[in-house]
Each structure stands twice: as structure tokens, then as C-alpha cells.
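The next block holds one structure in the form of C-alpha cells; read it before the comments.
The values are calculated or read from the model by the stated rules, or taken from the named source; none is laboratory data. Note that the structure is predicted; figures quoted are calculated from it, not measured. So basically every Cβ, Gly included, is an ideal-geometry build from the backbone, and we count neighbours across all protein chains shown.
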Amino acid sequence: MISNREISKILYEIGEYLEIKGVMFKPRAYEKAGYSVENLEEEVAEIYKKNGLKAVEDIPGIGVSIALKVEELLKTGRLKYYEKLKKSFPVKIGELSAIEGMGPKMIFKLYKKLKIRSIKDLEKAAGAGKIAVIAGFGKKTEEKILKGIEFLRKSGGRFLLGVVLPQARSIENRLKELKHVNRVAIAGSLRRMQETIGDLDFLVTSKKPKEVMKFFVSMPEISHIYSQGQTKTMVRLKSGIDADLRVIPDISFGAASQYFTGDKRHNITIRALAERKGFKLNEYGLWRGEKLIAGETEEEIYKSLGMVTPSPEIRNDSGEIQVALQNKLPKLIGYGDVRGDLQVQTNWTDGENSIEEMAESAKSAGLEYIAITDHTKSLAMTGGADEKKLLKQMAEIDQLNSKFQALNSKFRILKGAEVNILKDGMLDIKDEVLAKLDVVGIAVHSHFNLSRAEQTKRIIKAMKNKNADILFHPTGRLIQKREPYDVDVEEIIKVAKETGTILEIDADPYRLDLKDEYIRKAVAAGVKLSINTDAHSKNSFHYLEFGIAQARRGWAGKNDIINTRPWPEMLKLLKTKQNIKNKIA
DNA sequence: GCCGTTTTCGGCCCGACTGTTTTCAGTCG
């Protein structure tokens, strides 16, 4: 079965081949279709299977012609049109265009002149000085290509949100302190709080752009200056990420924020909408002819276009514009709305700190409660707890809670565990002990390579355990390190609804699991979620911000997240408690 | 090749900067 990712990759590549051939407009059509498929919630294969060709045509950006091509791909796993293009121009186009500064035109020229087909060819030619001598190229272009290849190898081109955000805020703060600077904002994928960040975008309003630029390029973390102008400067930081700075007038601050926050698809759609309404929208404002209609705030721009302002996290042209035009945007969970953390590891297993240290740290992070969820026995490498150890830990938690009460603190430690799901879907702790816990998390930590059907069946079996409250990190992925295990998340969501199992949004910056698209599905299905840090150290409670961002990108509201409630209310939403209540009633 | 709160035909986002030019093409966001 061919996946959305594979289909979108082929559509993107077709767009690039057509671009090289100088075909008008079609490249953008294919790019748009590729993007649309890439960001689709449902597998195109499923859509086609269920509702046929017409349903594929209903996907935005896909019309009769591309739908037929997708059908061919689904049926045969191949696409003659694509193969013909590849044959006519036998170059690894996806690979080459991933290099910073390499576009279709350069790829074309390099193939014509030097028969360059791959990064390997390109590196060899650049290293031998063969590129600098081609007309239209030069020494600098050659150097830039070599650097681009090096960067691509080193980083895969993107950085984790959790790694980048502190760096960006540090720069933001220094810009704010500058004398000639009035306003500062972070824009781009960072403002959208994407899982991974390609580069940093800073916006500054100032009457003395030259001074600001001078400061920016002389910051200690700068390793390279790509370009430096009056309004735009681009640099590389020593950490490896690129950063752009734009200086704009105050009157354009909102317009620039809107323009540079994106994403690209959102902006294209918004600008087309503006044009239809007789405006022109650029980074300096919303214009009718020569007249500035709006520009100082994003809100007045969106308002002039007849819509409410979508939160940056959901600006990706996935329906937010239509909903905003109808003033029906959901109220997203706020960054201060989470009251407790339901996945916390301690030095009872693989965490660094004691239960008390974790509790104290959570308290000073503003939380009202945490659940201690150490690993269980079949995860031997962590010293996972057996029934006896769990009971002992529960006793210690009781003591600590008494201590908090004696000190007049309302902070509460809940008893929990991260219980292993065995290969056959059984849990590795006896039910009578699980029943004594406040919060039972269940998780897959082994047998990642089961077939989709087996993996799904196994997890569902575990979810059906009446003591299993929350499915931790439901897909097991580690961003840029490990693919998710093959599991039918749609089915998991369905079963979560049926069984009252909570799905976790693991806020660890490497996990961010569930993904936004599944969060949106779960929310739509009425499944409850919890945002947890998965903290293994007392310094990790700030992960909550990443988890909340993830929830916002999945259109989740405060009510969709159980741990936005005080702990007594939160517990009532857990399956275990519901069962007990049902039994009593 | 796609799409429609002006359109089923005629459009398709827009501006900054670099490098290699001698007035501009290419790339990026």
C-alpha cells in the first residue's frame, strides 16, 4: 500500500521536473497537490478504497488529472507520467533541491553542463572547482553549494522545537533591550510552534535599521553572514541553524508578523482572499490601491478581510481560514491551562530525581499535582517496578502527601505507573495492584516491529483492560531518531472512545506523540487527552509548553485535556473511577 | 493543472537580496 508520504513526494518531484522544463503554472499545481496529500489526515489509499476516484478529486488541490495519476499509483504502485519525466531528465531532483540555494534552474544547468545527477556528483564537481567556471556561476556559488551539502548531512536541515526555542528567546530578549528597537517578535515556524524548525525569523521595528543589523550580525552566536541589507539580514548560528532578521516600520508590525508567520499555504490563501476583496497584502500592510487599510496589528488585517485571527499554531491552511471567516474558530487550550502532570519518572527507575524532588520542582513550575509513573518490571533495564515495589512506592507517596498536608500545601502526588504492554497485549502488573493506583499509564516499549495488524490488536487489547487509564506516547516515535511503530491510529482513537481510555500527548520534545493531525481526529471523535511531560528529571517540567503547543496545533480546547482540571475532577474522568462509580451505582 | 462570495475561462502571492551581470535571473520565505 502506497502511503501519503510517498505520493506527496512523487507529486512534489513532478512539480520540480515541470519547473525545470519551464512549464507554466503546472509546477505550482503539483506542489499544491503534494502538500495537500502530505498533510491529509486520512490515507489517500483509504479514501480511494472507500469512496473511489471522486473522493480523491475532492481533496483540495487535486482535480481530474492528478486524481487519475494518484489512482494509477494506488493501483499499480507506479506512475508512467512520472517515470517518463524521470527518464527525460535522469537527475535525483528531490535530493539536489534539498540543498540550500539549489533551485530547479541551477539543477538544470548543472546537469546540462556537467551531467550532475546527485549530491555525490555535485560535491565532486564543486570540490574540483568545476562549478565556478560555468557562466552564471562563480566561486561564491561553489562554496555555498559545498556548505549546503555539509549542513544537510549534519542536521537533516531541521532542528527540534525544544532545542531551538531557548536560543531564539535569548536573541529576542537581547533585541528587545536595544535602544533603537521598539518592538520585537519571533515569526515563522517557531511562532507556529512546529515540531521541528527550519530557521529562526525575527521581526523588529526600528527607526535605525542599520544599528540593529550591526548588532545582530555581531552577536556571539553568529558563525556566518549570508547577506546583510537595510531591511533583511540572514545569518547562520554556531548551533547550525539559520536566522533571518527583518526590520520594518512600526506601522507595518502586524502586517509583517502576519506575512512572516505563515505557513506558506496559509499566506497564499490569505493573499488570494485579499485580492478577491480588492486589496493587496504584503509585509508592509493591507492596501487598497495606494491607501493603507491596516498594518499595525494582525487582528486589524484579518478583521479587514472579514475574519477572526487564527492562532499562529493553526495557520497551515487546513481549514482554519474557512472556519475563521465564519467566526467559528474553537477556543484552544491556553499555555497556562495545564494544572498537573500525569507522566513523571523518578529514581525508583530511570529518572534522575526522587519523588519529593520531582514534586517540589513541579510545584515551583506552578503545577498542582503530578502522578508518579515509574516503569514496570518487564522493562528490566530501567529497574522496572514489580507489584511489591509499587506497593512500597505507594506507601512512600502517602507519607509525602501527609507531609504536604501538614505544611498546609495543597500539592498532591498521585500514585501511578507506566505499565508495559507485553507482546500479546497483556499488562505486566497484576490487576489487583493496578486497581490501587490513581493513574495507570500503559505503553509499548518493546516489539516495535510487529505488523500493523498485530501491533494495533496488541495495543487495543491493553486499552480494554479496565484499569488502563491512559495510553502513553501512542505511536512510539522519536523525532529524527526513530520512526513510529506501525499502528492504526484511527482504530486506536475509535477504541479510546469506546473504552474511555485517555490518549496522551507526550510533551517530550523528541516525542510530541500524538501528532497534531491525530489530536485533531481524537478531538473530533470526542476522545479525551492528557498532556504530560514524561519528565525523567526535575528540570523537564517546561516540556509542558511543547505539549500544549502540540495540542493547540491539533485544535484541542481546554476541555479536551483532562489535566487542565483540579485533580479530584481529573480523576473522575479516568476509566477506573468511572468503572468504580458504575459499580457503586 | 486547479479553481470560483466577481469567473466553468482566465487567471495563478510578492518582495528582498546575492551573484554575476552591466539590467537581471535565481532563490527564498
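Scoring A:Asp317 on the criteria (1) at positive phi; (2) in a helix (DSSP H, G or I) leaves a single failure, condition (2).
Being within 10 Å of DNA strand B (Cβ to nearest atom), assigned to a helix (DSSP H, G or I) and of a type in the set (A, V, I, L, M) narrows it down to one residue among A:Val23, A:Val70, A:Val37; which is it? From the options A:Val23, A:Val70, A:Val37, the qualifying one is A:Val70. Once the stretch A:73-94 is narrowed to residues that are of a type in the set (A, V, I, L, M, F, W, C) and more than 15 Å from A:Ile7 (Cα to Cα), the residue that is farthest from DNA strand B (Cβ to nearest atom) is A:Phe89. Checking the conditions here, which among A:Lys515, A:Lys521, A:Lys577, A:Lys481 is touching a helix residue (DSSP H, G or I) at 6+ places or on another chain (Cβ under 6 Å), closer than 20 Å to A:Glu195 by Cβ and at pLDDT below 95? Every option except A:Lys521 fails the conditions.
In the list A:Lys303, A:Lys264, which residue meets the criterion of being surrounded by fewer than 18 Cβ atoms within 10 Å (Cβ to Cβ) and within 11 Å of DNA strand B (Cβ to nearest atom)?
A:Lys264
Among (1) within 12 Å of DNA strand B (Cβ to nearest atom); (2) outside the structural domain of A:Glu19 (by TED's automatic domain parsing); (3) closer than 30 Å to A:Glu57 by Cβ; (4) surrounded by fewer than 17 Cβ atoms within 10 Å (Cβ to Cβ), which single condition is A:Ser97 missing? Unmet for A:Ser97, out of (1) within 12 Å of DNA strand B (Cβ to nearest atom); (2) outside the structural domain of A:Glu19 (by TED's automatic domain parsing); (3) closer than 30 Å to A:Glu57 by Cβ; (4) surrounded by fewer than 17 Cβ atoms within 10 Å (Cβ to Cβ): (4).
Filtering the stretch A:116-139 to residues that are surrounded by 17 or more Cβ atoms within 10 Å (Cβ to Cβ), within 35 Å of the chain's Cα centre (by Cα) and not in a helix (DSSP H, G or I) leaves A:Ile116, A:Arg117. Looking only at the stretch A:338-374, residues that are free of Cβ contacts under 8 Å to residues at least 60 places away in the same chain and either assigned to a loop (DSSP other than H, G, I, E, B) or crowded, with 24+ Cβ neighbours inside 10 Å (or both) come to 10 in all.
Assess whether A:Leu379 counts as being surrounded by 15 or more Cβ atoms within 10 Å (Cβ to Cβ), in contact with a strand residue (DSSP E or B) (Cβ under 7 Å, 6 or more places away or on another chain) and modelled with pLDDT under 90. Before you say what the answer is, go through the steps one by one.
On the way: surrounded by 15 or more Cβ atoms within 10 Å (Cβ to Cβ): yes; in contact with a strand residue (DSSP E or B) (Cβ under 7 Å, 6 or more places away or on another chain): yes; modelled with pLDDT under 90: yes.
Yes: the conditions hold for A:Leu379.
A search for C-beta distances below 8 Å between a residue of the stretch A:456-484 that is among the hydroxyl-bearing types (Ser, Thr, Tyr) and outside any strand (DSSP E or B) and any residue that is at pLDDT 95 or above and buried (at least 21 other Cβ atoms within 10 Å of the Cβ), counting only pairs 6+ apart in sequence or on different chains, returns A:Thr456/A:Ile492.
Only residues that are closer than 11 Å to A:Ile20 by Cβ and assigned to a loop (DSSP other than H, G, I, E, B) were counted in the stretch A:75-115, giving 3. Checked against the criterion of being within 24 Å of A:Ile116 (Cα to Cα) and surrounded by 15 or more Cβ atoms within 10 Å (Cβ to Cβ), the candidates A:Tyr17, A:Tyr30, A:Tyr48, A:Tyr35 yield just one match: A:Tyr17. Filter the stretch A:268-290 for residues that are within 15 Å of A:Lys303 (Cα to Cα), within 9 Å of DNA strand B (Cβ to nearest atom) and part of a strand (DSSP E or B) and give the result. Correct list: A:Lys280, A:Leu281, A:Trp287. Within the stretch A:403-415, if we keep just the residues that are at pLDDT below 95 and within 22 Å of A:Met570 (Cα to Cα), the residue that is nearest to the chain's Cα centre (by Cα) turns out to be A:Lys410. Only one entry of A:Ile2, A:Ile47 meets the criterion of being under 27 Å from A:Val487 (Cβ atoms), of a type outside the set (Ser, Thr, Tyr) and outside any helix (DSSP H, G or I), and that entry is A:Ile2.
Is it fair to say A:Ala55 is in contact (Cβ under 8 Å) with a residue 12 or more places away in the chain, within 14 Å of DNA strand B (Cβ to nearest atom) and assigned to a helix (DSSP H, G or I)?
Details: in contact (Cβ under 8 Å) with a residue 12 or more places away in the chain: no; within 14 Å of DNA strand B (Cβ to nearest atom): yes; assigned to a helix (DSSP H, G or I): yes.
Answer is no for this residue.
Going through the stretch A:75-110 one residue at a time, which ones are among the small types (Gly, Ala, Ser) and over 32 Å from the mean Cα position of the chain (by Cα)?
The initial filter retains those residues of the stretch A:75-110 that are among the small types (Gly, Ala, Ser), namely A:77, A:88, A:94, A:97-98, A:101, A:103.
Hit for the stretch A:75-110 is A:Ser88, nothing else.
Could you tell me which of the residues A:Glu498, A:Glu504 is surrounded by fewer than 23 Cβ atoms within 10 Å (Cβ to Cβ) and modelled with pLDDT of 90 or more? The match here is A:Glu498. Across the stretch A:422-442, the number of residues qualifying as within 18 Å of A:Asp534 (Cα to Cα), among the charged types (D, E, K, R) and without any contact (Cβ under 8 Å) to a residue 40 or more places away in the chain comes to 0.
Please determine, by comparing only the residues of the stretch A:1-34 that are more than 21 Å from the chain's Cα centre (by Cα) and among the acidic types (Asp, Glu), which one is nearest to A:Leu79 (Cα to Cα). Can you show your working first?
Taking the stretch A:1-34 and keeping what is more than 21 Å from the chain's Cα centre (by Cα), we get A:1-2, A:10-11, A:13-30.
Going one step further and asking which of them are among the acidic types (Asp, Glu), we end up with A:13, A:16, A:19.
Values: A:Glu13: 12, A:Glu16: 16, A:Glu19: 19 Å.
Once the filter is applied, the top-ranked residue is A:Glu13.
Please specify each residue of the stretch A:519-545 satisfying the condition of being free of Cβ contacts under 8 Å to residues at least 40 places away in the same chain and among the hydrophobic types (A, V, I, L, M, F, W, C). Within the stretch A:519-545, A:Ile519, A:Ala522, A:Val523, A:Ala524, A:Ala525, A:Val527, A:Leu529 qualify.
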